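K.L.:
This is the structure I want to talk about, given as C-alpha cells.
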Amino acid sequence: MQDIDDEMKKPLLKHLVEITAHREHSRLAISVISALYQLTDVQSIRMLDIFTMRDELYVQEKMVIRDGTVHTIAEHTNDDPKESLSSYPAMTACIRNHLNEYQEVTPEGMHVLWLPVWLHGKMNSCLEIRSEHALSPAMMDVIHGVFHVYCNYQALLDYSERDALTGLFNRKTFDEQFTRYAFAIAPHEAHSMEKDERRHDSNAEPKGHWLAVVDIDHFKQVNDRYGHLYGDEVLILVANILRASFRAHDRIFRFGGEEFVILLRSTTLSDARKIFDRFRQNVQEYDFPQVGKVTVSLGFVNIARETPVVILGHADQALYHAKKSGRNRICYYQELVNSGVLRSGITTNDTVEFF
C-alpha cells in the first residue's frame, strides 16, 4: 500500500483495529463494509451469502450499505429472501474458475467489483462493491488490504467455532447462538406476527424456535465392533446428513461424543416435527460403509424465554424417553408433559449427559 498517502493511513489503521476487535461474524462483516464505504468513494457495498438447499446454490443478501446507512437482513424473519445463484453470472464465474476477484461494467455504466470469500475451499459469501466511476489503483490497494484482513480474520473465527472432526459448530459457540434464537422476536413483534397470521388464516398454527438434542443409537457398539476410525466416519456422515436435512439459517452443533444439538428457526410445531422426523428417516435409510444401518433418537422442545440449561434439560428428558421407548424415534417434551409421561422440570439421567 505504498501509494496510500499519510492522510489515509490513520483512518485505515483505526478501521483495521476495529475490525479485529470483533468476535462474531455478523459484526465483523458490518465493520468491514462500513470501513470500505468510508475509505472509498463508492455507491454501495453488499455482503451476499451463498448456501445450498436441496442440492441447489442460492444467494441471500446479508447486509448492504448505501447512503451511509447499513441495512441488515434479520436471520429470524418469516421469509427467506433468496435468489438462485444463476441470477448472479459474476458469482457463478468466480465459483466455476475459483477466482479471487471479478470486475465488470453494467450496461448502465456502473462499475462493479466482486470479491468472493473462500472458506474450506468453498465460496461461502461475496462482497459486491458498486461505484459510478472506475476505482483508482490506490483505492484498489485499500480495498484489497482491508478485504484480505477480513478473510484471514474470518477464517480464524471460523476455526475457533468449529468442531475439528465434523466441521459443525462446537459447544463453545452454542450459548451465543442460543441467545440469538431465544430472544430473536420481542414480545410485541411476536404478538404482531400472531395477529398477521390470524388475519390470513384463523386456524394458523403459531410459529416458534425449536431446540433438538440428537444421539446416535448404540454408538458405543459401533466403536467396540468396528473401531474408532469407523466410529469417526459415522460421526462425519451423520454430520453431513444433518447439513443436508436442515436449512441454511438453522444451526447445528456437535456437543461431543455422539451428541448433536439443532436450533431450528421460526416454524410451526407440525412442521418442526416433520423436519426432525425427516432427518431421522434420512439417517435410517443411509447405508454407512462397513457399519451398515445406523439410527438416531431425538428429543425436542420449544425455545421459551428460559436459560440454555433449562431448555437443554427439557430436550434431554425427551431424548431419554425416546431411547427408553425403543430408539430410532423423536419425542416432543411438552407433549410428554401434557400426557403425564414426564413431569415438568429438569431431571438428570446417566445415559445422555451435557453438563
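The values are calculated or read from the model by the stated rules, or taken from the named source; none is laboratory data. Just so it is clear, the structure is predicted and the values come from calculations on it, not from any experiment. With ideal geometry, Cβ positions are generated from the backbone for all residues, glycine too; neighbour counts draw on all protein chains shown. These area figures cover heavy atoms from the full protein model, side chains too; ligands, DNA and RNA do not enter into them. Shrake-Rupley method; radii C 1.70, N 1.55, O 1.52, S 1.80 Å.
K.L.:
Going by average Cβ neighbours within 10 Å, how do the peptides 123-129, 332-338, 10-16 rank, with the highest at the top?
P.N.:
Order by mean packing, descending: 123-129, 332-338, 10-16.
K.L.:
What accessible surface, in Å², does a 1.4 Å probe find on MET139, ignoring ligands, DNA and RNA and rounding to the nearest 10?
P.N.:
For MET139, solvent-accessible area is about 40 Å².
K.L.:
Heavy atoms only, probe 1.4 angstrom, no DNA, RNA or ligands counted: give me LEU119, LEU113 ranked by accessible area, highest first.
P.N.:
The residues order as LEU119, LEU113, largest area first.
K.L.:
Taking a ≥ b ≥ c as the square roots of the Cα gyration tensor eigenvalues, with a/c under 1.5 meaning rounded and otherwise prolate when a/b beats b/c, else oblate, which class fits region 17-152?
P.N.:
Rounded, since a/c falls under 1.5.
K.L.:
Expressed as a whole percentage, what fraction of the accessible surface of region 200-268 belongs to carbon and sulfur atoms when a 1.4 Å probe is rolled over the protein heavy atoms?
P.N.:
The computed percentage sits at 49.
K.L.:
Also: Sort ASP250, ASP277, ASP271, ASP41 by accessible area with a 1.4 Å probe, largest first.
P.N.:
Output order, biggest surface exposure first: ASP41, ASP271, ASP277, ASP250.
K.L.:
Indicate the gyration tensor shape class of region 80-129 (rounded, prolate or oblate), computed on the Cα atoms with a ≥ b ≥ c the square roots of the eigenvalues: a/c under 1.5 is rounded; otherwise a/b larger than b/c is prolate and the rest oblate.
P.N.:
Oblate.
K.L.:
Please give the net charge around GLU101, taking every other residue with its beta carbon less than 14 angstrom from that of GLU101, where Lys and Arg add +1 and Asp and Glu add -1.
P.N.:
It works out to a net charge of -3.
K.L.:
Considering only protein heavy atoms and a probe of 1.4 Å, how much of the accessible area of region 102-154 is carbon and sulfur, as a whole percent?
P.N.:
55
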